[in-house]
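Participant: Just passing along the structure, written as structure tokens.
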Amino acid sequence: MSALLQDSLTFVGLLAAIYAATVALYFILGYGITWLNDRNPERRIQKGRRGEKRKAIEIRQSMASILVTCTSVAIGLFVQYKGWTLFSPWEFSWWTAIPLFVLCMVLFDAWFYFAHRLLHTKLFYKYHLLHHRSVAPTAWSNDSIGLVDTAMSQGYYAVITFLVPFPPIILLTHRLFDQINGTFGHAGFEYFASRTARYPSPMLCTTYHDQHHAEFKYNYANYFSFWDRVMGTVAPNYDRRVEAFEGEAPAIRMSKVPGIHVVE
């Protein structure tokens, strides 16, 4: 078997494994969060809108965009495996796992913020328009993105391994975390409003990205409010809305309220 064929089979196998795992996680999170939302209808952020009617459209688009994301991850891991990067991956240890994971988050958040800002310019918005058709996002909306849009926002994984020698397990753990975080960020229901999600903390809650979909010109970041606050693009009422949710939301329920359900 030629080296080229062997490398091709290795890459395709890696891509297939990452794609299968991501699609499985997409549906587990989608149905799991919908189940939770159905039991906590008062936590809906946009009270007058129902994004669930776009579920079938969003699932179909997500299957394509997830493939682009997974291709980016597979490229990053494959070039490391082949030794084509500037540096060999750092050795993984439990002592360095948390700082490396946080560094990966910080770098990804910066990449995502500026790619997202670029996608909102006149030149690139045509690639991002599809995602903003979900004005009231749901658990199915996270990956309902155009393919060029996905390549720009998720291309981080294909590029970062050339520059920063993250161990493969850090990249894969980050990708897992990002899928979970993104799905909850698009869930349309608020479960994480707290002091840690508003100023002076840099952390976020679901309201942050929900406001981006509803109001369009604010809250471009992914994990932290740092870049939005520095660049003046944080929603002016974000912190107040989080504080209001803190005081209004009852305890999370695990059983349905009779006669009330989420429209699907």
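Participant: Among the residues of segment 238-259, is any in contact with a His (Cβ under 9 Å, 6 or more places away or on another chain), farther than 23 Å from Asp38 by Cβ and either acidic (Asp, Glu) or modelled with pLDDT of 95 or more (or both)?
Facilitator: Within segment 238-259, not a single residue is in contact with a His (Cβ under 9 Å, 6 or more places away or on another chain), farther than 23 Å from Asp38 by Cβ and either acidic (Asp, Glu) or modelled with pLDDT of 95 or more (or both).
Participant: Please work out if Thr196 is surrounded by fewer than 23 Cβ atoms within 10 Å (Cβ to Cβ) and touching a helix residue (DSSP H, G or I) at 6+ places or on another chain (Cβ under 9 Å).
Facilitator: no
Participant: Let me confirm something: among Ile66, Ile45, which residue is over 30 Å from Glu246 (Cα atoms), crowded, with 17+ Cβ neighbours inside 10 Å and touching a helix residue (DSSP H, G or I) at 6+ places or on another chain (Cβ under 7 Å)?
Facilitator: Within the list Ile66, Ile45, the selection yields Ile66.
Participant: Pairs, please: C-beta under 8 Å, at least 6 apart or cross-chain, first residue buried (at least 18 other Cβ atoms within 10 Å of the Cβ) and acidic (Asp, Glu) and in segment 166-180, second assigned to a helix (DSSP H, G or I) and modelled with pLDDT of 95 or more?
Facilitator: Cβ pairs passing all conditions: Asp178/Phe108.
Participant: Say we look at segment 4-54 and pick out the residues that are in a helix (DSSP H, G or I) and of a type in the set (Lys, Arg); which of these is nearest to the chain's Cα centre (by Cα)?
Facilitator: Ranking the candidates gives Arg54 first.
Participant: Let me ask something additional. Within 26 Å of Ile28 (Cβ to Cβ) and of a type in the set (A, V, I, L, M), is that true of Ala139?
Facilitator: Taking the combined requirement at face value, the residue satisfies it.
Participant: Go through segment 48-63 and count every residue that is surrounded by fewer than 16 Cβ atoms within 10 Å (Cβ to Cβ), modelled with pLDDT under 95 and either of a type in the set (D, E, K, R) or within 30 Å of Leu14 (Cβ to Cβ) (or both).
Facilitator: Residues meeting the conditions: 3.
Participant: With respect to Thr206, determine if the residue is among the polar types (S, T, N, Q) and farther than 30 Å from Pro41 by Cα.
Facilitator: Taking the combined requirement at face value, the residue does not satisfy it.
Participant: Tell me the residue from Thr10, Thr34 that is over 15 Å from Tyr157 (Cβ atoms), crowded, with 16+ Cβ neighbours inside 10 Å and out of contact with any strand residue (DSSP E or B) (no Cβ under 8 Å at 6 or more places or on another chain), please.
Facilitator: None of the others qualify; the one that does is Thr34.
Participant: Follow-up question, since we're still on this one. So, restricting to helices (runs of 4 or more DSSP H) that lie completely within segment 138-191, which ones have at least 3 residues that are farther than 16 Å from Ala74 by Cβ and modelled with pLDDT of 95 or more?
Facilitator: Where helices (runs of 4 or more DSSP H) fall fully within segment 138-191 and carry at least 3 residues being farther than 16 Å from Ala74 by Cβ and modelled with pLDDT of 95 or more, they are 147-154, 168-185.
Participant: Return only the number of the condition from (1) under 30 Å from Lys53 (Cα atoms); (2) among the hydroxyl-bearing types (Ser, Thr, Tyr); (3) without any contact (Cβ under 8 Å) to a residue 40 or more places away in the chain; (4) not in a helix (DSSP H, G or I) that Tyr127 does not satisfy.
Facilitator: Status for Tyr127: all satisfied but (4).
Participant: If Phe216 meets every condition in (1) of a type in the set (Phe, Trp, Tyr); (2) closer than 20 Å to Thr183 by Cβ; (3) exposed (fewer than 13 other Cβ atoms within 10 Å of the Cβ) apart from one, which number is that one?
Facilitator: Failing condition for Phe216: (2).
Participant: Let me ask something else. With the requirement that a residue be in contact (Cβ under 8 Å) with a residue 60 or more places away in the chain and not acidic (Asp, Glu), what does segment 195-220 give you?
Facilitator: Answer for segment 195-220, where residues must be in contact (Cβ under 8 Å) with a residue 60 or more places away in the chain and not acidic (Asp, Glu): Thr206, Thr207, His209, His213, Ala214, Phe216, Lys217, Tyr220.
Participant: Going through segment 134-187 one residue at a time, which ones are of a type in the set (Gly, Ala, Ser), under 14 Å from the mean Cα position of the chain (by Cα) and within 25 Å of Cys205 (Cβ to Cβ)?
Facilitator: Hits for segment 134-187 are Ala139, Ser141, Ser144, Ser153, Gly182, Gly185, Ala187.
The values are calculated or read from the model by the stated rules, or taken from the named source; none is laboratory data. The shown structure was predicted, so the numbers you read here are calculated from the model rather than taken from an experiment. In this analysis, Cβ positions are derived from the backbone assuming ideal geometry, glycine residues included, and neighbour counts consider all displayed protein chains.
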